[in-house]
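What follows is a short report on a single structure.
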């Protein structure tokens with residue numbers, strides 16, 4: 001047993017020594033010599049929670065050689081490390097390039113074994129915070145020769161891709177020269193084609209060219225967002241605009257579909273496809289607005305994935321054009337095929353299904369460039385076909401003009417004969433118009449006379465009473481009114497009041513008011529000792545007898561004053577309102593159960609429904625308000641009725657004074673609502689009764 005212990009102790013000590021003092025195993029160190037660029041073999045550590053600090057990562061041996069640098073859309077935080085040696089004889093400045101500009105946050109740490117330097121960058125920070133003015137992320141290594149351990153932490157809501165290389169200053173300049181030349185050509189072509197097709201859209205009035213220009217603009221925005229040039233040159237101080245990438249993707253899908261529908265004339269040639277494309281376009285339009293509300297990580301995933309259904313929708317007319325060998329449509333098919341290949345490659349790369357290569361990182365730009373060239377040829381062919389058709393039309397134009405001239409000569413002779421006939425008809429119309437004017441003038445005079453006669457039969461001044469202060473308003477909407485009112489006296493004492501509304505408009509309603517007023521007056525005066533509902537029954541029977549088969553009916557309110565009591569009968573008329581002086585409250589006159597007191601119409605036979613009589617007792621300054629339905633049904637310029645609620649409010653807020661001032665206040669509120677007191681859709685009559693003592 002002791003021998004075993006003596007053997008184990010040295011082994012344990014050796015293991016501890018190796019763990020603490022021997023250098024950790026690293027991936028192959030990159031030695032920088034004469035080359036301008038070097039590939040970097042990373043070691044990576046996945047941090048699912050994103051909680052590891054640099055000190056924890058620096059001490060851990062959990063790093064593993066990277067088998068990929070493209071993780072697609074993921075919530076992982078990736079720590080990467082590598083070592084680099086700058087020789088003593090190096091005269092270059094060296095930079096680490098991370099060639100994917102859509103990363104949100106990059107924390108870079110570099111250690112020479114004695115000290116640690118750190119740097120933070122990403123597309124969430126203003127562009128001016130970067131060391132180098134470059135659309136990708138460039139991090140400068142120390143100038144001093146030596147071996148350095150480099151760590152960087154990457155977190156992003158976009159696709160997580162970390163293509164890295166080390167470049168010398170000459171390598172950076174060479175790469176910039178190549179990229180700026182290529183992108184200058186790319187964006188120059190886009191700009192020229194946008195302007196050219198917009199001019200064609202205006203001059204030819206063809207919506208196809210407009211949609212093509214819109215499609216090119218959306219492709220430009222997508223490209224600027226994806227390659228970082230938009231952030232570098234257009235919105236360097238507004239990092240939040242880097243989140244527009246999903247919206248630009250959706251916009252490019254909409255313009256692509258709209259251009260396809262117009263170019264292929266799908267409404268005629270492919271109606272089923274046209275409907276599907278239309279509704280998919282509506283869905284994508286909604287996604288543009290939604291993309292500003294949802295997290296960027298969700299918006300960019302949906303934006304990238306939404307291209308695939310769009311491609312599927314457009315594939316149908318593309319296949320048909322290949323089968324039918326339509327040259328214009330075949331050019332369209334070839335152009336979209338190159339774009340689709342680039343889009344599919346880019347989408348697969350962003351979802352982490354394709355590794356980082358030049359063709360996978362730049363697939364969208366390559367496909368877009370090829371498709372723009374092919375689309376331009378197709379649009380040029382479209383213009384050429386239009387010119388050919390125009391020449392054919394010009395060749396046939398002279399023949400058609402001669403034929404049309406002959407037709408016009410014959411038509412002209414027919415027109416001359418027609419003009420002569422029309423002159424005779426016009427003379428007859430002038431005579432007829434003169435006769436109609438004379439008839440209209442006679443009718444207007446008759447209507448004016450009828451209106452004056454009707455008005456003369458109605459009270460023109462307020463009745464005097466020791467108990468009640470009364471004010472009234474009578475406003476016909478036209479010359480003759482279908483409303484009438486009356487006050488009843490006995491021995492110069494006010495005994496009753498009535499307000500009635502005849503259905504319909506015009507002369508017939510006006511004539512019925514004269515007849516009905518006479519009947520009500522005679523019966524009310526004759527049967528003064530009968531109950532008021534009995535008087536109303538007698539009036540109704542007499543009206544039925546007198547009116548016969550006339551279709552008009554009458555609504556109204558009849559009041560009888562008995563010292564300090566008021567008898568009340570309602571004949572299908574809007575409820576009478578009241579205002580109590582003691583409480584200041586207003587409301588509709590109801591029975592003790594809170595139900596309506598309205599009875600049947602006057603002048604038409606009913607199912608023997610009785611008229612109900614109610615007796616009211618007013619205190620000093622209590623008010624009753626009678627009105628026809630025009631008051632609550634009149635509307636303002638927004639087609640809003642005045643309504644019973646506003647009427648009750650105006651009665652409640654009216655100042656305490658005589659009946660005339662209260663009624664004036666109510667009408668001022670009404671006129672303010674309707675906006676024009678002189679234009680009524682129906683006759684308006686109102687009576688306000690205030691108890692004096």
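The values are calculated or read from the model by the stated rules, or taken from the named source; none is laboratory data. Worth saying up front: this structure is predicted, and the values here are computed from it rather than measured. So basically every Cβ, Gly included, is an ideal-geometry build from the backbone, and we count neighbours across all protein chains shown.
Points worth noting:
- Any hit, the range 606-617, residues being under 23 Å from residue 657 (Cα atoms), touching a residue at least 24 places away in the same chain (Cβ under 8 Å) and in contact with a helix residue (DSSP H, G or I) (Cβ under 6 Å, 6 or more places away or on another chain): no
- Count - residues of the range 587-620 that are surrounded by 17 or more Cβ atoms within 10 Å (Cβ to Cβ) and either outside the structural domain of residue 474 (by TED's automatic domain parsing) or at positive phi (or both): 1
- Residue 529 being under 29 Å from residue 619 (Cβ atoms), without any contact (Cβ under 8 Å) to a residue 12 or more places away in the chain and in the same structural domain as residue 659 (by TED's automatic domain parsing): yes
- A Cβ distance below 8 Å, combined with a sequence gap of six or more or placement on separate chains, defines the contacts here; from the range 312-325, residues that are modelled with pLDDT of 75 or more reach residues that are part of a helix (DSSP H, G or I) and surrounded by fewer than 18 Cβ atoms within 10 Å (Cβ to Cβ) in the pairs 313/276.
- When restricted to residues that are buried (at least 19 other Cβ atoms within 10 Å of the Cβ) and in a strand (DSSP E or B), the range 110-124 contains 2.
So that you can scan it fast, the table gives a plain yes or no per residue for (1) exposed (fewer than 15 other Cβ atoms within 10 Å of the Cβ); (2) assigned by TED's automatic domain parsing to the domain that holds residue 589; (3) touching a residue at least 24 places away in the same chain (Cβ under 8 Å); (4) out of contact with any helix residue (DSSP H, G or I) (no Cβ under 7 Å at 6 or more places or on another chain):
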position: 486; (1), (2), (3), (4): no, yes, yes, no
position: 499; (1), (2), (3), (4): no, yes, yes, yes
position: 516; (1), (2), (3), (4): no, yes, yes, no
position: 525; (1), (2), (3), (4): yes, yes, yes, yes
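- Checklist (1) surrounded by 15 or more Cβ atoms within 10 Å (Cβ to Cβ); (2) modelled with pLDDT of 90 or more; (3) touching a strand residue (DSSP E or B) at 6+ places or on another chain (Cβ under 9 Å) applied to residue 538, failing item: (3)
- Checked against (1) surrounded by 22 or more Cβ atoms within 10 Å (Cβ to Cβ); (2) under 55 Å from the mean Cα position of the chain (by Cα); (3) not in a loop (DSSP other than H, G, I, E, B), residue 566 passes all but condition (2).
Each row is one residue, and each column tells you yes or no for (1) exposed (fewer than 14 other Cβ atoms within 10 Å of the Cβ); (2) touching a strand residue (DSSP E or B) at 6+ places or on another chain (Cβ under 7 Å); (3) assigned to a helix (DSSP H, G or I); (4) at pLDDT 90 or above.
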residue	(1), (2), (3), (4)
650	no, no, yes, yes
667	no, yes, yes, yes
682	no, no, no, no
689	no, yes, no, yes
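- Scan of the range 147-161 for residues that are in contact (Cβ under 8 Å) with a residue 60 or more places away in the chain and out of contact with any strand residue (DSSP E or B) (no Cβ under 6 Å at 6 or more places or on another chain), ordered by number: 157, 158
- Checking each residue in the range 130-175 for being in a helix (DSSP H, G or I) and surrounded by 16 or more Cβ atoms within 10 Å (Cβ to Cβ) picks out 171, 172, 175.
- Scanning the range 617-645 for residues that are more than 21 Å from residue 482 (Cβ to Cβ) and in a strand (DSSP E or B) yields 617, 623, 624.
Here's the yes/no breakdown for (1) closer than 21 Å to residue 502 by Cβ; (2) assigned to a loop (DSSP other than H, G, I, E, B); (3) not assigned by TED's automatic domain parsing to the domain that holds residue 520:
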{"position": "574", "(1), (2), (3)": "yes, yes, no"}
{"position": "578", "(1), (2), (3)": "no, no, no"}
{"position": "582", "(1), (2), (3)": "no, yes, no"}
{"position": "647", "(1), (2), (3)": "no, no, no"}
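- Here residue 41 meets the list (1) farther than 17 Å from residue 162 by Cα; (2) free of Cβ contacts under 8 Å to residues at least 60 places away in the same chain; (3) part of a loop (DSSP other than H, G, I, E, B) almost entirely, failing just condition (1).
- Complete set of residues in the range 501-511 that are touching a residue at least 60 places away in the same chain (Cβ under 8 Å) and buried (at least 20 other Cβ atoms within 10 Å of the Cβ): 501, 510
- Set side by side, the residues 297, 337 differ, and just one is in the same structural domain as residue 253 (by TED's automatic domain parsing), touching a strand residue (DSSP E or B) at 6+ places or on another chain (Cβ under 8 Å), at pLDDT 70 or above and in a helix (DSSP H, G or I), which is 297.
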